[in-house]
Amino acid sequence: MSVVAMLPAHNEARTISSAVRSLRTQRVTFDRIVVVADNCTDTTVEEAQAAGADVFRTEGNTDKKAGALNQALAHVDLDDDDVLLVMDADTRLGADYMATVADRFGTDPDGRLGAVGGIFHGDSPRRLLPRLQASEYARYAREIGRRQGRVHVLTGTASAFRVRALRDVAAARGTRLPGRRGEVYDTGAITEDNEMTIALKTIGWRLVSPRECLVYTELMPTLRALHDQRLRWYRGALDNIRTYGITPVTRRYWWQQAGLLLSSVMLCAYLVLMTTTIVNGHFGFSWFWTGIGALFILERVVTVWRAGPQARVLAALLVPELLYDLWLQVAFFHAVGTLLRGSTPEWRHHRVTQPERI
């Protein structure tokens, strides 16, 4: 069994070297590290080669990350029992990631473990907006831990696949699964990681996201970048379940989207009610509602406790996180609007061009 890493990269000269170096520090040795240089116009290729990685250059790819990975997978020599790590170029792995992957695949009792996903955290947040994102990710990681590693989405930041499972997906494209027969990734999906998760589950592969598989990824530096990212995430998730329909696998995803819609409406209604109450001069003190508010703040603090004291302070202040959540709801309603109009959000490639300043 060989272990291969594949890093799709579009103009990632600033981060690709550190991403490759982070793979060298894993306790499991990679037999090959391949940087998939997709339409790069900067020095990504040179930086990757200097860091010791092999480079595969895409040709005429217009299908973004999914198309780049499909081209590379068609040319890189892999065996069915090999393990393939697909990792973003702005990401680094926790120290125990690949050792945990090797252990899970090595002790798989029935050979039906198709992928081991990562649990992502924000990488070194310093300013307010990245800290709020890091708190959100910390809550998500806590929820994954409570579900004992059960996978909702195989994160695109870093996930390890059994090659045989990916080939099963490719063989099922065009029949049981959407996409073109023979291609691993569906190039029609905006969020290829979410679609791949549903695809693997649909054809019977088991997935896990162990709490030891930590992934650290860059955070969106501006409100516009955050909006564009979440617009793509939300719209991609909606497109995926619409494509697959209601099945035993997707039923839970439909319920999640319904719950997200309900929570968005309730948050907006709450803010409108509070604003109206204050403006009309009807706002008054109530021990009951004060107690409810205190419990809500306590829950917010407890769920980010492991993210550190600054995350706890932000949670206790409440208002920054409420405004952050409201901004995410704007992106969600924007995604629903594009779906209803039949338009597709533009894929924008955002990155932090300078180190963050405190």
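The values are calculated or read from the model by the stated rules, or taken from the named source; none is laboratory data. Just so it is clear, the model here is predicted, and its values are computed rather than measured. Note that each Cβ is placed from the backbone with ideal geometry, even for glycine, and that neighbours are counted across all protein chains shown. Areas reflect the complete protein model, heavy atoms only, side chains present, ligands, DNA and RNA absent. Shrake-Rupley method; radii C 1.70, N 1.55, O 1.52, S 1.80 Å.
Computed over the chain with a Gaussian network model linking Cα atoms closer than 10 Å, the most mobile of 74, 13, 311 is 74.
Taking all protein chains together, 142, 112, 235 sort by accessible area into 142, 112, 235, largest first [probe 1.4 Å].
Cα gyration tensor of the range 1-57, axes a ≥ b ≥ c as square roots of the eigenvalues: rounded (a/c below 1.5), prolate (a/b > b/c) or oblate? Because a/c hits 1.5 or more and a/b exceeds b/c, the range 1-57 counts as prolate. Here's how it looks for residue 154: its modeled amide H is under 5 Å from those of 197, which are all 5 or more places away or on a different chain. Measuring only protein heavy atoms, the 1.4 Å probe finds residue 296 accessible over about 90 Å².
Could you check how much of the accessible area of the chain is carbon and sulfur, as a whole percent, using a 1.4 Å probe?
57 percent
Ordered by 1.4 Å accessible area with all protein chains kept, 35, 272, 55 run largest first as 272, 55, 35. Modelled spin labels at residue 246 and residue 317, positioned 7 Å past Cα toward Cβ, are 4.4 nm from each other. When the chain is treated as a Gaussian network with alpha carbon springs shorter than 10 Å, the biggest mean-square fluctuation among 36, 249, 208 belongs to 249. Here the label points at residue 143 and residue 302, each 7 Å from Cα along the C-beta direction, are separated by 1.7 nm in the simple model. A probe of 1.4 angstrom, applied to the heavy atoms of all protein chains, finds residue 297 with accessible area near 50 square angstrom. How would the range 251-341 be classified by its alpha-carbon gyration tensor: rounded, prolate or oblate, with rounded meaning a/c under 1.5 and the a/b versus b/c comparison settling the rest? The shape class here is oblate. Look at where the Cα atoms of the range 5-67 and of the range 314-336 average out, and the two centres are 34 Å apart.
Across the chain, C-alpha contacts under 8 Å between residues 6 or more apart give a mean separation that, scaled by the residue count, equals a relative contact order of 17 percent.
Among residues other than residue 316 whose Cβ falls under 14 Å from its Cβ, what is the net charge (Lys/Arg +1, Asp/Glu -1)? Once all neighbours under 14 Å are counted, the net charge is +1.
Residues whose amide H lies under 5 Å from that of residue 121, counting only those 5 or more places away or on a different chain, are 215, 216, 217; hydrogens are built 1.01 Å from N in the peptide plane. Out of 339, 281, 97, whose Cα points farthest toward the positive end of the dipole of the chain (charges: +1 Lys, Arg; -1 Asp, Glu; placed on Cβ)? So the residue furthest toward the plus end is 281.
Accessible surface computed residue by residue for the chain, with neighbouring protein chains in place and a 1.4 Å probe, gives 50 Å² per residue.
Within the listed set 180, 232, 251, the Gaussian network model of the chain (springs between alpha-carbon atoms below 10 Å) gives the highest mean-square fluctuation for 251. If R0 is 25 Å, what FRET efficiency do you get for residue 327 and residue 290 from their C-beta distance, rounded to 0.05? Working from the Cβ atoms, E equals 0.40.
Restricting to DSSP H runs of at least four residues, report the calculated mean residue ellipticity at 222 nm for the chain, -39500 (n - 2.57) per run over all residues, nearest 500 deg cm²/dmol. So the calculated ellipticity at 222 nm is -16000 deg cm²/dmol. What shape does the chain take by its C-alpha gyration tensor, where a ≥ b ≥ c are the square roots of the eigenvalues and a/c under 1.5 counts as rounded, a/b above b/c as prolate, and the rest as oblate? Since a/c reaches 1.5 and a/b is larger than b/c, the shape of the chain is classed as prolate.
Summarising the amide proton neighbourhood of residue 36: residues at separation of 5 or more, or on other chains, whose placed amide H is nearer than 5 Å comprise 7, 9, 56.
In sequence order, the range 161-172 has phi-based couplings of 10, 6, 4, 4, 5, 5, 5, 5, 4, 4, 6, 8 Hz under the Karplus curve 6.51 cos²θ - 1.76 cosθ + 1.60, θ = phi - 60°, and Gly or Pro positions carry x. Between residue 49 and residue 79, the simple spin-label model (points 7 angstrom out along Cα→Cβ) gives 3.0 nm. Rounded to the nearest 5, the antiparallel percentage of DSSP beta bridges internal to the range 3-221 is 35%. Scalar couplings 3J(HN,Hα) for the range 217-231, obtained by applying the Karplus form with A = 6.51, B = -1.76, C = 1.60 to θ = phi - 60°, are 10, 5, 9, 5, x, 9, 4, 5, 5, 5, 4, 5, 4, 6, 4 Hz; x denotes Gly and Pro.
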